[in-house]
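J.: Take this structure first; my questions come after.
The values are calculated or read from the model by the stated rules, or taken from the named source; none is laboratory data. All values derive from a computational prediction rather than experimental measurement. No Cβ is skipped: glycine too gets one built from the backbone with ideal geometry, and neighbour counts run over all protein chains shown.
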Ligand SMILES: NC(=O)c1ccc[n+]([C@@H]2O[C@H](COP(=O)([O-])OP(=O)(O)OC[C@H]3O[C@@H](n4cnc5c(N)ncnc54)[C@H](O)[C@@H]3O)[C@@H](O)[C@H]2O)c1
């Protein structure tokens, strides 16, 4: 029997739906859990349209799309993740919410060596690990947005994580999932966000202070540094609430001003202007589907 065949994904937002799609397209049996029937329906629609787009663009045969869909089930009951070999939590970037989920998963998941992973961007993995009775089997498996497309996955052991758990997670990521794992320390921001978030915040501060306009900031980095997306478009793609939460976690841990979320970002989040996913951020977008 393969080590990991049944995967649970908690949260079916931007990341959870992408992670579920990656796992199902790789042949894994996937069960997705959400809070409410409404959130589940929203996530399911997102997942279906992403698989549909992949088939339309010829990246996936219709047969493979249907097979992937057939491997995904949905629930609003975390208890239905009991038989999973691996659960990847991808809910809002809020330590209390994540901690409660890890406590419930610890109670319900029956396989003694099941892996409990978080897709968190900046919350200390050790805090989630010690909320369970199996801290050796908890770690971070951090996908990038969109998970279906981006090849990088950061694998983050907590101080308590067993090397065997890390090895199994890396084997899954580089094997069946076909991604490129890098190992990062359990330090707020890991590798990529530790570099990316201060850059995004600097762009928002530049806009806020009138240093340059939105389009000029993005064009500057797209045309001057060959970045595929400028920093404000990147922030919109990530989700401004997620950018703000990651920045707050990094600032709380590292106490350096460059990680402090600028007021403009916080005001946009308060206004519900969360970027692409809400239909408005630094740029306007089609309403979310
Ligand atoms: N957005 C990105 O670019 C990105 C990239 C890598 C990692 N992450 C991380 O992934 C996680 C999810 O981010 P996202 O962008 O998908 O957020 P999102 O807001 O799109 O989705 C979060 C989902 O979690 C669900 N949820 C909330 N509480 C829940 C609960 N108790 N049980 C089940 N579902 C619950 C919500 O209904 C929502 O659908 C965060 O930890 C974030 O830091 C985000």
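J.: Quick test for you: out of 186, 241, pick the one residue that is within 16 Å of the ligand (Cβ to nearest atom), under 25 Å from residue 98 (Cα atoms) and assigned to a helix (DSSP H, G or I).
T.: 241
J.: Another question, then. Within the range 146-161, which residues are outside any strand (DSSP E or B) and surrounded by fewer than 17 Cβ atoms within 10 Å (Cβ to Cβ)?
T.: Listed by number, the residues that qualify are 146, 149, 150, 151, 159.
J.: Would you pick out the residues in the range 67-97 that are under 15 Å from residue 6 (Cβ atoms) and either at pLDDT below 95 or assigned to a strand (DSSP E or B) (or both)?
T.: Passing the criteria: 72, 73, 74, 75, 86, 87, 88.
J.: Here is a further query. Checking the structure you have, find out if any residue of the range 120-136 is within 11 Å of the ligand (Cβ to nearest atom), crowded, with 18+ Cβ neighbours inside 10 Å, closer than 22 Å to residue 175 by Cβ and under 16 Å from the mean Cα position of the chain (by Cα).
T.: Within the range 120-136, not a single residue is within 11 Å of the ligand (Cβ to nearest atom), crowded, with 18+ Cβ neighbours inside 10 Å, closer than 22 Å to residue 175 by Cβ and under 16 Å from the mean Cα position of the chain (by Cα).
J.: Being within 13 Å of the ligand (Cβ to nearest atom), surrounded by 14 or more Cβ atoms within 10 Å (Cβ to Cβ) and part of a helix (DSSP H, G or I) is true for just one of 16, 8, 52. Which residue is that?
T.: Numbers: 8 fails: part of a helix (DSSP H, G or I); 52 fails: within 13 Å of the ligand (Cβ to nearest atom).
Checking each option against the conditions leaves just 16.
J.: Shifting gears a bit: Could you please find all residues in the range 103-118 being more than 11 Å from the ligand (Cβ to nearest atom), outside any helix (DSSP H, G or I) and surrounded by 15 or more Cβ atoms within 10 Å (Cβ to Cβ)? If you could, list the steps in order and put the result at the bottom.
T.: To start, the set of residues in the range 103-118 that are more than 11 Å from the ligand (Cβ to nearest atom) comprises 103, 106-117.
Then keep just the ones that are outside any helix (DSSP H, G or I); that gives 109-117.
Listed by number, the residues that qualify are 109, 114, 115, 116, 117.
J.: Hey, another quick one. Does residue 100 count as within 11 Å of residue 31 (Cβ to Cβ) and assigned to a helix (DSSP H, G or I)?
T.: no
J.: Another question, if that's okay. Only residues that are under 26 Å from residue 248 (Cα atoms) and out of contact with any strand residue (DSSP E or B) (no Cβ under 8 Å at 6 or more places or on another chain): list them for the range 132-191, please.
T.: Of everything in the range 132-191, those that are under 26 Å from residue 248 (Cα atoms) and out of contact with any strand residue (DSSP E or B) (no Cβ under 8 Å at 6 or more places or on another chain) turn out to be 135, 145, 146, 147, 159, 187, 188, 189.
J.: For residue 97, work out the one condition from (1) within 13 Å of the ligand (Cβ to nearest atom); (2) surrounded by 17 or more Cβ atoms within 10 Å (Cβ to Cβ); (3) without any contact (Cβ under 8 Å) to a residue 24 or more places away in the chain it doesn't fulfil.
T.: Going through (1) within 13 Å of the ligand (Cβ to nearest atom); (2) surrounded by 17 or more Cβ atoms within 10 Å (Cβ to Cβ); (3) without any contact (Cβ under 8 Å) to a residue 24 or more places away in the chain one by one, residue 97 breaks only (2).
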